[in-house]
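J.: Please find one structure pasted underneath; my questions will follow.
Just so it is clear, none of the values below were taken in a lab; they were calculated from the coordinates. As the structure is a computational prediction, the values presented were derived from the model and not from experiment. Neighbour counts run over all protein chains shown; Cβ positions are idealised from the backbone, glycine included.
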């Protein structure tokens, strides 16, 4: 109230999880906003989407595929490959089939040549993914980048600092989610493979 800011209910929506439709109807009329369902996009990230489905990763695949390489030289193509959308990788565990598709698109961009013509691969992809100091091009290995970004969240979970997202995880998965001594073989929600 002091700042003068107000909630714009035309841009807001309400999602009901395990609630009766009558209750949702009352809340929607009271708040004067629209109803939405899961998954929905928030800051470009699909909230509530199943990360194991290919459809969740379609925006990333389309964005990388749309870049193309018609009028871009080798240096520009390398810059495009380095700027793969890390935002998705830092929140969702990427399935192997998506990794393979993304690497295929990256290879096509790198070795496609000007105009999209097919050219012979000059070096192994493993070498391309090495740092420049070791003779590579500095392109990220998507699987390693994904696991390391998710591990960063695990590290933050084990940190002693209290925050809202930790409390939400503990409420959902139980207090054992933040134990520092973990049993080998247990899975953490983002790494769960079920």
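J.: Among the residues of region 20-35, is any more than 30 Å from residue 111 (Cβ to Cβ), touching a residue at least 24 places away in the same chain (Cβ under 8 Å) and assigned to a loop (DSSP other than H, G, I, E, B)?
T.: Yes; the residues of region 20-35 include at least one that is more than 30 Å from residue 111 (Cβ to Cβ), touching a residue at least 24 places away in the same chain (Cβ under 8 Å) and assigned to a loop (DSSP other than H, G, I, E, B).
J.: Related question: Just the residues that are surrounded by fewer than 11 Cβ atoms within 10 Å (Cβ to Cβ) and not in a loop (DSSP other than H, G, I, E, B), please, taken from region 42-54.
T.: Answer for region 42-54, where residues must be surrounded by fewer than 11 Cβ atoms within 10 Å (Cβ to Cβ) and not in a loop (DSSP other than H, G, I, E, B): just 42.
J.: Tally up the residues in region 124-170 that are over 30 Å from residue 108 (Cβ atoms) and under 23 Å from the mean Cα position of the chain (by Cα), please.
T.: Count: 15.
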